Amino acid sequence: MPLSEEELRMLEQMERALVEEDPKFANTLRGTAMRRNARRRAILAGVVFAAGITVLMTGAVLRITPVGIVGFVIMLGAATVGLTALRGQAAQGGAAPAAPTGVEGLSLVQGGRSSRRTKQPRQRAQGSFLERMEQRWRRRREGY
């Protein structure tokens with residue numbers, strides 16, 4: 001049963017309030033599906049990588065160079081896909097996942113990226129490695 005207009009409006013308001021109140025929690029909720037897809041893609045890439053090793057070794061044992069080259073290309077492609085998935089730079093191109101209720105215009109479901117932080121230019125590292133790590137830890141604990 002679809003939601004009424006009033007219910008949709010109230011849901012959107014609650015989602016906006018959640019994003020404004022606790023953006024880290026909203027980020028956590030939003031990221032679970034993307035992590036699951038990235039993990040699935042990495043596992044599939046591992047299986048394809050193993051198949052590529054098999055094809056490569058078959059080509060080497062049978063002394064058929066084109067088969068070995070195809071196996072290497074399979075391995076290379078699988079490694080690229082797997083590493084991309086593991087690094088979190090999935091090939092989704094920043095596209096937000098579709099709304100599970102089929103409703104458009106919900107900020108949380110569509111990514112909640114109303115305000116993006118701009119990167120600040122890097123400053124020259126000051127102090128020792130341990131001092132920089134302590135500063136990073138303090139910033140992380142303070143909520144950055």
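Which ranges mark the helices (runs of 4 or more DSSP H) fully within region 1-91 that have 3 or more residues being touching a helix residue (DSSP H, G or I) at 6+ places or on another chain (Cβ under 6 Å) and of a type in the set (Gly, Ala, Ser)?
Filter on region 1-91 gives 23-61, 65-87.
In this structure, is Val73 aliphatic (A, V, I, L, M), without any contact (Cβ under 8 Å) to a residue 40 or more places away in the chain and farther than 23 Å from Ala85 by Cα?
no
Out of Val55, Val48, Val109, which single residue is surrounded by 14 or more Cβ atoms within 10 Å (Cβ to Cβ) and modelled with pLDDT under 85?
Result of the check over Val55, Val48, Val109: Val109.
Can you tell me which residues in region 25-59 are touching a residue at least 60 places away in the same chain (Cβ under 8 Å) and more than 30 Å from Met75 (Cβ to Cβ)?
Result: Ala26, Asn27, Leu29, Arg30.
What is the residue count in region 128-144 for residues that are among the aromatic types (Phe, Trp, Tyr) and closer than 18 Å to Lys24 by Cα? Even if it seems obvious, please write down each step before you answer.
Initial filter on region 128-144 (among the aromatic types (Phe, Trp, Tyr)): 129, 137, 144.
So of that shortlist, the ones also closer than 18 Å to Lys24 by Cα come out as 137, 144.
Adding up the residues that qualify gives 2.
The values are calculated or read from the model by the stated rules, or taken from the named source; none is laboratory data. Keep in mind that what you see is a predicted model, and the values were worked out from it rather than measured. Cβ: placed from backbone, ideal geometry, glycine included. Neighbour counts: every protein chain shown.
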